[in-house]
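The values are calculated or read from the model by the stated rules, or taken from the named source; none is laboratory data. A quick note: this is a predicted structure, and the numbers were derived from the prediction, not measured. Cβ placement follows ideal geometry from the backbone for every residue including glycine, while neighbour counts extend to all protein chains displayed.
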Amino acid sequence: MQCERHSRTLLVTTHHMDEADYLGDRIAIMANGRLRCLGSPLFLKSRFGAAYQLTIMKTTNSEHELIVNHVRKFIPNAELRSSLANEIVVLLSFETVGRFSELLRDLDINRFTLGILQYGISITTMEEVFFSSFI
């Protein structure tokens, strides 16, 4: 399919959002028989998703508010999505990507003080966009 996509229009239906993300130049999301949105994967992620998720594994006795406030020193609009005993998920918008290196460098330096065991950044998936916006 990848070879044919430049010279043809292909219509693919799928329930697998990762497949739609990989194959689609434009994605239409339908729910209950109605078209809910249409756009490129990047457009849909920026419009309906958070763009990036910062997942932080922490010690059970570390304060999640302290960690989130520390992240907000670099990215003021960072939004706490979830906080469990030893995991925090913070949403970061597309516009803040320029601050990531500074934030990550600082998290490395202050890891032990904040009680951070490890962290990672991932981009919002189409499945997360679908479930958070259309269900």
*For residue 115, work out the one condition from (1) of a type in the set (Gly, Ala, Ser); (2) farther than 30 Å from residue 43 by Cβ; (3) in contact with a helix residue (DSSP H, G or I) (Cβ under 9 Å, 6 or more places away or on another chain); (4) modelled with pLDDT under 95 it doesn't fulfil.*
(4)
_Every residue in the range 1-49 that is among the charged types (D, E, K, R) and either out of contact with any Leu (no Cβ under 7 Å at 6 or more places or on another chain) or modelled with pLDDT under 85 (or both), please._
4, 5, 8, 18, 19, 21, 25, 34, 36, 45, 47
*What pairs can you find where one residue is in the range 93-110 and within 17 Å of residue 80 (Cα to Cα) and at pLDDT below 95, the other is part of a helix (DSSP H, G or I) and not aromatic (Phe, Trp, Tyr), and their Cβ atoms are less than 6 Å apart, with a gap of 6+ or different chains?*
94/46
_Filter result for residue 89 (surrounded by 15 or more Cβ atoms within 10 Å (Cβ to Cβ) and not small (Gly, Ala, Ser))_ = yes
*Criterion (touching a Gly at 6+ places or on another chain (Cβ under 8 Å) and within 30 Å of residue 35 (Cβ to Cβ)) met by exactly one of 95, 79, 128*: 128
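Being of a type in the set (A, V, I, L, M, F, W, C), crowded, with 16+ Cβ neighbours inside 10 Å and in contact with a Ser or Thr (Cβ under 7 Å, 6 or more places away or on another chain) narrows it down to one of 94, 48, so name that one. Working first, answer last.
Details: 94 fails: crowded, with 16+ Cβ neighbours inside 10 Å.
Exactly one residue qualifies, and that residue is 48.
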*asked:* Pairs needed: first member in the range 61-79, in contact (Cβ under 8 Å) with a residue 40 or more places away in the chain; second member anywhere, hydrophobic (A, V, I, L, M, F, W, C); C-beta distance under 7 Å; at least 6 residues apart or different chains.
replied: 62/114; 66/114; 67/56; 67/88; 67/114; 67/116; 70/114
*Please find, within the range 52-61, the residue that is modelled with the lowest pLDDT out of those that are under 18 Å from residue 108 (Cβ atoms) and crowded, with 17+ Cβ neighbours inside 10 Å.*
52
*Just for the range 62-86: of the residues that are under 22 Å from residue 128 (Cβ atoms) and hydroxyl-bearing (Ser, Thr, Tyr), which one is surrounded by the most Cβ atoms within 10 Å (Cβ to Cβ)?*
83
